[in-house]
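Engineer: Let me begin by handing over the structure; questions about it come next.
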Amino acid sequence: MPPLSYVSDNGPGTRATLGLVVLQTDEVIEGDLRVFLPDDGIATYHTRIPFDPNVTTETLARMEADLANAVSLLPASASFDAIGYGCTSASAVIGSGGVAQRIQSVFPGVAVTDPLRAIAAALSALSARRIALVTPYIPAVSQVLRDRLSDQGVETIALKSFEQVADAAVARITPDSIVAASLAMAAGVDADALVIACTNLRTARIIGRIEDALGIPVVSSNSAIAWHMARLAGIDDTLPELGRVGALMPASAL
């Protein structure tokens, strides 16, 4: 019998194909991105990177050596429009340039983002330069993130943290706790925006609640990287779950 006939296309990503490097310990980012990104014709492929259970500047820095190998496990036949590295604190420790170099050593020329780069792009699109910052990190890690945002011209005028070293503990902080902490620390602060840092904090479906209560834009690590990957891939849909940034195209270079 002759083989069955068929028609070929560009694969599942008929509108865009995205790659994402996820930490071994991260339990949140994949679920958040399913909420944040439209599912019509956007294919997202995930790979995992080894990571220590505890988040310190030392364990974060060690991931750089494994980044290219993790990216090499993404499907080579996929034509990626953008690849994201899903770790806010490691992006601050390693640097966005180092992240891009490692990823592009496997997929030359691909558009690359990470939460630090994406947050900076989102804040630029919002014309926000003074932020209140919520993190789950120990003080040394929070300070590195604060410094790297400062390098991007972003002033952190208020910072509070849950101060957890174990990534598993971060994933178990409830969304209501994140809302309560955000409102408590940012109310009355003269900030242009609130940033909730860490891909392992559950921010899907709470951004609008916080924006309504505070009256300022809210950007999380996961909302920022979802928005930035979509825009890098040419997706111009309004993304309502992202809050105010979901309607914006980048105001400056990506």
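Engineer: Please state the shape class of segment 14-125: rounded when a/c is under 1.5, otherwise prolate if a/b exceeds b/c and oblate if not, all from the C-alpha gyration tensor.
Structural biologist: rounded
Engineer: Let me ask something additional. Pairs of alpha-carbon atoms within less than 8 angstrom and 6+ residues apart define the contacts here; what relative contact order does segment 57-167 have, in percent?
Structural biologist: 26
Engineer: Select from G208, G243, G41 the residue whose mean-square fluctuation is largest in a Gaussian network model of the chain (Cα-Cα springs shorter than 10 Å).
Structural biologist: Its mean-square fluctuation being the largest, the pick is G41.
Engineer: Next question. On a 0 to 90° scale, report how tilted helix 175-186 is relative to the longest principal axis of the chain, with both axes built from alpha carbons and the result rounded to the nearest 10.
Structural biologist: 50
Engineer: Just to be sure I understand the model, the point goes 7 Å from the Cα along the line to the Cβ. What's the resulting T56 to D9 distance in nm?
Structural biologist: Going from the T56 label point to the D9 one covers 5.0 nm.
Engineer: Let me ask something additional. So what are the ³J(HN,Hα) numbers for segment 118-129, from phi and the Karplus equation (6.51, -1.76, 1.60; θ = phi - 60°), rounded to whole Hz, Gly and Pro as x?
Structural biologist: Values, residue by residue: 5, 4, 4, 5, 5, 5, 4, 4, 8, 6, 9, 10 Hz.
Engineer: Hey, could you get me the Stokes-Einstein D for the chain, Kirkwood radius over alpha-carbon pairs, 37 °C and 0.692 mPa s, rounded to whole µm² s⁻¹?
Structural biologist: 180
Engineer: Tell me, what is a quarter of the convex hull surface for the C-alpha atoms of segment 98-157, in nm² with one decimal?
Structural biologist: Its average projected convex-hull area is 4.9 nm².
Engineer: If you average the alpha carbon positions of segment 4-63 and of segment 64-93, how far apart do those two centres end up, in angstrom?
Structural biologist: Segment 4-63 and segment 64-93 have Cα centres spaced 9 Å from each other.
Engineer: State, as an integer percentage, the relative contact order of the chain based on alpha-carbon contacts under 8 Å between residues 6 or more apart.
Structural biologist: Result for the chain is 24 percent.
Engineer: Still on this structure, I have one more. Measuring from label point to label point, each 7 Å out along Cα→Cβ, what is the R48 to A76 span in nm?
Structural biologist: Each label point lies 7 Å from its Cα, and together they span 2.3 nm.
Engineer: I need the semi-axes of the equivalent ellipsoid of segment 117-221: take the C-alpha gyration tensor, multiply each eigenvalue by 5, square-root it, list largest first in whole angstrom.
Structural biologist: 19, 17, 12
Engineer: At 0.36 nm per residue, minus the direct Cα-Cα distance, what do V189 and A68 gain on full extension? Give it in nm, one decimal, please.
Structural biologist: 39.5 nm is the gain from fully extending V189 to A68.
We did not get these values from a lab; they are worked out from the coordinates using the rules stated. Keep in mind that this is a model prediction, so the values were computed, not measured. Note that each Cβ is placed from the backbone with ideal geometry, even for glycine, and that neighbours are counted across all protein chains shown.
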